[in-house]
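Read the structure below first, then the notes.
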Amino acid sequence: MTLEEQIKHYRKQAGLSQEKMAEKIGVSRQAITKWENGTGAPDIANLMAIAELFQISVDELLSNEKPEKKQADYIYESCTEYDIDGKKNFDIKLGGAYIVELKAYEGEKIVVSLLSNIYKNLQADYKVKIDDIKNRIDVDLNRLNGASETDAKESLVVEILLPAKYVGKIELSVNAGTINIIDIENEIIEIDGKIKEVFLQGNKSEIEIDSNLDMQIKVASHEGALEINQLSATSKLTVPEGYSFRSAKKGIATHIYYEKQGKKVEDFSNDEADNYIELNGMKSELVIEVAEV
C-alpha cells in the first residue's frame, strides 16, 4: 500500500474522521485530505505524530504491505451475539455509523460488535436489539442517553458477522461513511441510506445500493449483479483489471462513462459476461474505471 493508503487505512481503523485526526496531531483537515489523496505528503515530524497516534512505528507506516485490521486495536467495544439454527433473512437497521462491515463466517451466531477508539460511553449509549421472528432476524441499533447520530457518524464502527450457511436475503439500512461487504453468498443484499464509500470482496450475490450521495465503490472481487439507484448523483465504480461485466443504464437522464488510467475510454463492458452493473434513477452519472495496478 502507498503512504496515502496507509494513512487512510489506519485512520479508518481508528474510527477517526479527518477532522478528528487533524485535531489530535495538530494540523488542518485539508492537510489530512492532501495526504490521503496523494497531493501532499507529511514531513518527518508529522510522520512521527501519525505513527504515535496509531501506535505503530514509522517503518510500519511507510511499509508497502497491507496492514491487518484487528478488532483488539479498538479501545472501546460492545459485543452482542445470538445463536441461529437455520436459514434466515436479515433486516438490519443501524442509523448512523462511521464504518459498517458485513461479513460471512463459518459459525452459527450473528455477532454484532460496536467499536470505537474515542467514544467512551459506547456500552451505555448504544444497544443492539436482535429479534428472531420466524424466518427473519431483525437487528436494530438504538441510541440512548441523548447520543447523537452525528457522534455515531464520526466515531462508531459496526462489525456484523453472519453465519455463512444460514444467510438468506439481507436488507441493510444505514447512513455511513464506509460500508464493507465481504464473503457473502446469498440471493440478494439491499442497502439503503446515505453512503459515501462501498467496498466489495468475495461476494456472490445481487447487490442493490440506494444512495443519493456521490459514492466511491470499489470492487475487489464480486460475482453477480450490482445495481446502483441514485438521484442527481455522480459516483465512481472501480473494478479490477480483467473483471468481465455487462452494463446497462435505466431511468431518466442517466449516463455511464468508462475510464482507464484516469482517461475516458470507449465502453469496455462485455455483453456476454455473467456479472452485471446497472445504473438506475434520475439525472445521475456513473464512471466505471479499471483499478491501477
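Side notes on the structure shown:
- Among (1) within 13 Å of the chain's Cα centre (by Cα); (2) open to solvent by 50 Å² or more (accessible area, probe 1.4 Å); (3) at pLDDT 95 or above - the single one LYS196 does not satisfy: (3)
- Scanning segment 18-55 for residues that are in contact (Cβ under 8 Å) with a residue 40 or more places away in the chain and in contact with a Phe, Trp or Tyr (Cβ under 7 Å, 6 or more places away or on another chain) gives a single hit, PHE54.
- Residue ID - most open to solvent (accessible area, probe 1.4 Å), chosen from residues in segment 84-96 that are over 13 Å from ASP140 (Cβ atoms) and in a strand (DSSP E or B): ASN89
- All positions within segment 222-242 that are at pLDDT 95 or above and in a loop (DSSP other than H, G, I, E, B): GLY224, SER232, ALA233
- Members of segment 178-190 found to be buried (at least 20 other Cβ atoms within 10 Å of the Cβ) and either among the aromatic types (Phe, Trp, Tyr) or farther than 13 Å from GLU101 by Cβ (or both), listed by number: ASN186, ILE189
- Test: residue in segment 127-139 that is over 18 Å from the mean Cα position of the chain (by Cα), within 18 Å of ILE179 (Cα to Cα) and surrounded by 14 or more Cβ atoms within 10 Å (Cβ to Cβ): yes
- All positions within segment 143-172 that are modelled with pLDDT of 95 or more, within 24 Å of ALA14 (Cα to Cα) and either surrounded by fewer than 20 Cβ atoms within 10 Å (Cβ to Cβ) or not charged (D, E, K, R) (or both): VAL158, ILE160, LEU161, LEU162, LEU172
- Taking the criterion of being open to solvent by 30 Å² or more (accessible area, probe 1.4 Å), over 16 Å from THR254 (Cβ atoms) and of a type in the set (A, V, I, L, M, F, W, C), the residues of segment 269-293 that qualify are ALA291, VAL293.
- A Cβ distance below 8 Å, combined with a sequence gap of six or more or placement on separate chains, defines the contacts here; from segment 90-109, residues that are in contact (Cβ under 8 Å) with a residue 40 or more places away in the chain and on the phi > 0 side of the Ramachandran plot reach residues that are crowded, with 23+ Cβ neighbours inside 10 Å and outside any strand (DSSP E or B) in the pairs GLY95/ALA152.
- Within segment 11-23, being open to solvent by 20 Å² or more (accessible area, probe 1.4 Å) and either at pLDDT 90 or above or not polar (S, T, N, Q) (or both) holds for LYS12, GLU19, LYS20, GLU23.
- The lone exception for ILE217 - which of (1) closer than 29 Å to ARG11 by Cα; (2) open to solvent by 30 Å² or more (accessible area, probe 1.4 Å) it fails: (2)
Conditions tested, residue by residue: (1) over 22 Å from the mean Cα position of the chain (by Cα); (2) exposed (fewer than 12 other Cβ atoms within 10 Å of the Cβ); (3) modelled with pLDDT of 85 or more.
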| site | (1), (2), (3) |
| --- | --- |
| MET1 | no, no, no |
| ILE25 | yes, no, yes |
| SER28 | yes, no, yes |
| THR39 | yes, yes, no |
| LEU47 | yes, no, yes |
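- Within segment 193-215, being within 21 Å of SER148 (Cβ to Cβ) and part of a strand (DSSP E or B) holds for ILE195, LYS196.
- Residue ID - modelled with the highest pLDDT, chosen from residues in segment 243-281 that are acidic (Asp, Glu) and within 16 Å of GLN216 (Cα to Cα): GLU278
- Within segment 105-126, considering residues that are open to solvent by 10 Å² or more (accessible area, probe 1.4 Å) and assigned to a strand (DSSP E or B), the one farthest from ILE191 (Cα to Cα): LYS109
- GLU81 being at pLDDT 90 or above and closer than 30 Å to THR150 by Cβ: yes
- Scan segment 6-44 for residues that are hydrophobic (A, V, I, L, M, F, W, C) and not in a loop (DSSP other than H, G, I, E, B) and the total you get is 8.
- Qualifying residue in segment 168-180 (condition: on the phi > 0 side of the Ramachandran plot and either among the β-branched types (Val, Ile, Thr) or not in a strand (DSSP E or B) (or both)): no
The values are calculated or read from the model by the stated rules, or taken from the named source; none is laboratory data. Small disclaimer: the values here were computed from a predicted structure and weren't measured. Glycine also receives a Cβ, built like all others from the backbone with ideal geometry; neighbour counts cover every protein chain displayed. For the accessible areas, the whole protein counts, side chains as well, though only heavy atoms, and no ligand, DNA or RNA atoms are used. Shrake-Rupley method; radii C 1.70, N 1.55, O 1.52, S 1.80 Å.
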